[in-house]
Amino acid sequence: MKRILLIEDEPGLVLTITDGLWAEGFTVTSCEDGPSGLAAALGGENDAIVLDGMLPGMDGLQVLAKLRAAGKRMPVLMLTARSQTADKVAGLRGGADDYLTKPFAMAELVARLEVMLRRTTQELQFGDVSVDVVAASVKRAGTTVTLSAKEYQLLKYLVERPGEVVGREELLANVWGYGASISTRTVDVHMTWLRQKLETHASEPRFLVTVRGMGYRFTP
Ligand code: CA
């Protein structure tokens, strides 16, 4: 379960967002002013923060500045009641990862949070394999596995989309890039190499699974 810290002072909105995020499987903690929000952000274990711009005690940009100054790098989505571009630019320059202008649809907030969380997940694990997305390194049972750049990108693309079926064309476009004059067979060859390096039984993969006629799926 991903833990979201909500720093927002409008009671109605706190209720709506909390309910909406719970319904999507997030855990939500909320604070209703700047100082208590900052304390919770500095002290707690949160995967992401939803931060209102206008708050009693200390505004959202100040909270964000102090958070980043303290070395906290969790993703922050800022909410602003005003649609003035200046505020958004200031928020993003101040280290916010994204912003939403009020009023917004709950589905939009959820979608933005999911993208932010996927982007900033540092380490992905399956079986005895761990993928450090920041260092771009892969270990198996604690030992570094040497992957080519394409093998690594292919692996990363799949593990960041757990449970999703990803087609060969999509992999070609996103890992090799449009215009690369290679065939989908290249994807299969790299997948074979990845399985040999990361699966216990390469011919009967447990994690990097073929979905017949469709592509591949990472099954954590
Ligand atoms: Ca407010």
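At-a-glance table
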quantity	calculated
Restricting the stretch 42-61 to residues that are part of a loop (DSSP other than H, G, I, E, B) and acidic (Asp, Glu), the residue that is farthest from the ligand (Cβ to nearest atom)	Glu45
Matching option when the condition is under 21 Å from Asp47 (Cβ atoms) and open to solvent by 30 Å² or more (accessible area, probe 1.4 Å), among Ala96, Ala135	Ala135
Number of the exception - Ala105 against (1) of a type in the set (Gly, Ala, Ser); (2) over 30 Å from Leu13 (Cβ atoms); (3) in the same structural domain as Asn46 (by TED's automatic domain parsing)	(2)
So Gly37, is it within 14 Å of the ligand (Cβ to nearest atom), farther than 30 Å from Leu155 by Cα and assigned to a helix (DSSP H, G or I)	yes
Strands (runs of 3 or more DSSP E) contained entirely in the stretch 67-173, each with at least 2 residues that are within 16 Å of the ligand (Cβ to nearest atom)	76-80, 98-101
Tally of residues being more than 16 Å from the ligand (Cβ to nearest atom), over 10 Å from Val50 (Cβ atoms) and buried (at least 16 other Cβ atoms within 10 Å of the Cβ) across the stretch 4-23	1
Within the stretch 24-34, considering residues that are in contact with a strand residue (DSSP E or B) (Cβ under 6 Å, 6 or more places away or on another chain) and more than 16 Å from the ligand (Cβ to nearest atom), the one nearest to Ala111 (Cα to Cα)	Phe26
Only one of Val189, Val166, Val175 that is under 18 Å from Phe218 (Cα atoms), outside the structural domain of Val63 (by TED's automatic domain parsing) and touching a strand residue (DSSP E or B) at 6+ places or on another chain (Cβ under 9 Å)	Val166
So Leu64, is it modelled with pLDDT of 90 or more, crowded, with 16+ Cβ neighbours inside 10 Å and in a helix (DSSP H, G or I)	yes
Number of the exception - Met1 against (1) without any contact (Cβ under 8 Å) to a residue 60 or more places away in the chain; (2) within 16 Å of the ligand (Cβ to nearest atom)	(2)
Residues satisfying the stated conditions in the stretch 139-187, i.e. acidic (Asp, Glu) and open to solvent by less than 30 Å² (accessible area, probe 1.4 Å)	Glu151
Odd one out for Pro205, checked against (1) without any contact (Cβ under 8 Å) to a residue 12 or more places away in the chain; (2) out of contact with any Asp or Glu (no Cβ under 9 Å at 6 or more places or on another chain)	(2)
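The values are calculated or read from the model by the stated rules, or taken from the named source; none is laboratory data. What you see is a predicted model, and the numbers here were worked out from it, not measured in a lab. Note: ideal-geometry Cβ built from the backbone for every residue, glycine included; neighbour counts use all protein chains shown. These accessible areas exclude ligands, DNA and RNA; they are computed on the full protein's heavy atoms, side chains included. Shrake-Rupley method; radii C 1.70, N 1.55, O 1.52, S 1.80 Å.
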